Amino acid sequence: MYPSAAVTATAAPLPTSAPSATLAARDLRALLPDELTSWVAAAGAPGYRAEQIFRWLHGHGIDTLEAMTNVPSTMREALEHDHPLVPLTQAAVQTARDGTRKLAFRTHDGRAIESVLIPDEDAVRNKLTLCISSQVGCAIDCRFCATATLGFGRHLCAGEIGAQVYRATALAGRRPTNLVFMGMGEPLHNFDNVARALALLEHPWGAGFSPRRLTVSTAGLVPGIDKLGALKPAPNLAISLNATTDEIRERIMPINKKWPLAALLDAARRFPLSHGRRVTFEYVLLAGVNDSDADADRLPRLLRGIPAKVNLIPWNPFQGPDFKRPSAERIRTFQERLRKAEVSVYIRSPRGDDIDAACGQLAARELVQLQPSARA
Ligand code: SAH
């Protein structure tokens, strides 16, 4: 049932340095308000310029300096010199039958990433969720995930994370109501840039997202969960649990060798939750692997004491591994058993799967073909 590679899976140390992204490190879009304020002061300009520039970048989502029409051209030139605006080029948009849209981007160094805009099926709630990427490829190597097949490319900088939101906002004609770090990459492996992106997205001079509308999803990097919980304010936490025993989890998620279930669930227990908030547990259902009645009975016991909600994600296929999605009946039975144990549990219907935009299907395939070096 398991792909043969799973047998030899090791939890190798995660890559610490990314291929050079020096331009990205100076990106104007990655500067926090106080950094912009310091730059403006050093340039001898009046303080209000910092807010003005930040509003253009993060409120209006502009992507050229010329668009800052009320900022003097000499100041724009100085900015361009010290902090160029790193481009994120929108390469393609695909629309699925269910209205989900996948945005493909090319980074300044020719890498491919994707974001997914998911309108709510319930028109009354009018929710618009944007799923964003935090890395080019991914180093975590989960056996059931298409992004893993790319290997690790590099971390995205905070500006590149924010730019996905602003491009999607322009495309949709409105700001997404919710942002989820559930696209390509492991956000907690790229903690510093993700934390900076959260601060930029939350700032009232810019898009002003409430931290309640932001969710960071992790494959289970325990120290990263603690660091995320220490952010003031902390966003929502989602954990890709995907198994109820260390034996199975290790086989489908090698990261479990480093941080096994007990350590992961302790971290979830420590995560600060203000009133009414819960930790989301994602559970990819793989037929014959993690979908048994015994799994359904173990899960509530594992989650005991954690304000939790479980999202069951029937496996979305892609070319390669030998997994199968369980039957509709098995999925319902699994959900029912959890319900009986008083777990809040939802089945995530695949969104945008006809354009490979559903959970775990992001692999920037078209662009990667043009750029074989993206494979690690
Ligand atoms: N690396 C982070 C962010 C990615 S979130 C994390 O693992 O949480 C992507 C979600 O899709 C994860 O919950 C993952 O378990 C799930 N997923 C991955 N591949 C999938 C597939 N083929 N079908 C369904 N869900 C999948």
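The values are calculated or read from the model by the stated rules, or taken from the named source; none is laboratory data. Please read all numbers here as calculations on a predicted model, not as lab measurements. Every residue, glycine as well, gets a Cβ built from its backbone with ideal geometry; the counts of neighbours run over all protein chains shown. Quick note on the areas: whole protein, heavy atoms, side chains included, nothing else; ligands and nucleic acids left out. Shrake-Rupley method; radii C 1.70, N 1.55, O 1.52, S 1.80 Å.
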Those trypsin sites (Lys or Arg not before Pro) from the stretch 59-108 that are DSSP loop and have at most 11 other Cβ neighbours within 10 Å turn out to be 97
For the chain, longest principal axis from Cα atoms; helix 191-202 axis from its Cα atoms; angle between them, nearest 10 degrees, is 70
Taking 0.36 nm per residue of separation between residue 32 and residue 349 and subtracting their Cα-Cα distance, the length gained on full extension comes to 110.4 nm
Per-residue ellipticity at 222 nm attributable to helices in the chain (runs of n ≥ 4 DSSP H, -39500 (n - 2.57) apiece, nearest 500 deg cm²/dmol) works out to -8500 deg cm²/dmol
Taking alpha-carbon centroids only, the stretch 237-303 lies from the stretch 68-135 a number of Å equal to 31
Quick shape check on the stretch 79-217: root eigenvalues a ≥ b ≥ c of the Cα gyration tensor, a/c under 1.5 is rounded, otherwise prolate if a/b tops b/c, else oblate, and it reads rounded
Cβ-Cβ cut-off under 9 Å around residue 287, Lys and Arg +1, Asp and Glu -1: the net charge is +2
The relative contact order of the chain, taking Cα pairs under 8 Å that sit 6 or more residues apart, comes to a percentage of 18
Length-normalised contact order of the stretch 218-374, Cα under 8 Å, at least 6 apart, in percent, tallies to 20
Given Cβ charges of +1 for Lys and Arg and -1 for Asp and Glu, the option among 312, 58, 38 whose Cα lies farthest towards the positive end of the dipole of the chain is 312
Once the in-chain neighbours fewer than 8 apart are removed, the aspartates and glutamates whose Cα is under 15 Å from residue 227 read 186, 192, 266
In nanometres, the difference between 0.36 nm per residue of separation and the alpha-carbon distance of residue 108 and residue 55 is 16.8 nm
Sorted by accessible surface (1.4 Å probe, heavy atoms of the protein chains only), largest first, 252, 118 come out as 118, 252
Looks like the chain, by Cα gyration tensor root eigenvalues a ≥ b ≥ c and the a/c under 1.5 rounded cutoff (else prolate when a/b is bigger than b/c, oblate otherwise), is prolate
Computed for the chain: size of charge dipole around the Cα centre, +1 on C-beta of each Lys and Arg, -1 on C-beta of each Asp and Glu, debye to nearest 20, value 800
1/(1 + (r/R0)^6) with r = Cβ-Cβ of residue 89 and residue 277, R0 = 45 Å, i.e. FRET efficiency to nearest 0.05, evaluates to 0.80
Restricting to aspartates and glutamates and to Cα separations under 14 Å from residue 257, and discarding same-chain partners fewer than 8 apart, the set is 141, 246, 247
Filtered hits (lysines, Cα-Cα < 23 Å from residue 102, offset >= 8 within chain) -> 127
Note to self: with every protein chain in place and a 1.4 Å probe, the chain gives an accessible area per residue in Å² of 43
Measuring from the longest principal axis of the C-alpha atoms of the chain, the long axis of helix 158-172 (C-alpha) lies at a number of degrees, nearest 10, equal to 90
The percentage of the accessible area of the stretch 41-109 (probe 1.4 Å, all protein chains present) made up of carbon and sulfur atoms, to the nearest whole number, is 50
According to the Cβ-distance criterion of 4.7 Å, cysteines of the chain with no possible disulfide partner are 131, 138, 157, 359
Taking Cα atoms, the helix 261-270 axis meets the longest principal axis of the chain at an angle in degrees (rounded to 10) of 50
Taking a ≥ b ≥ c as the square roots of the Cα gyration tensor eigenvalues, with a/c under 1.5 meaning rounded and otherwise prolate when a/b beats b/c or oblate if not, the stretch 158-232 comes out prolate
Order by accessible surface, 1.4 Å probe, largest leading, for residues 75, 184 comes to 75, 184
Summing +1 per Lys or Arg and -1 per Asp or Glu among the other residues with Cβ less than 9 Å from residue 357's Cβ gives -1
Full extension between residue 319 and residue 341 adds, at 0.36 nm per residue less the Cα distance, a length in nm of 4.3 nm
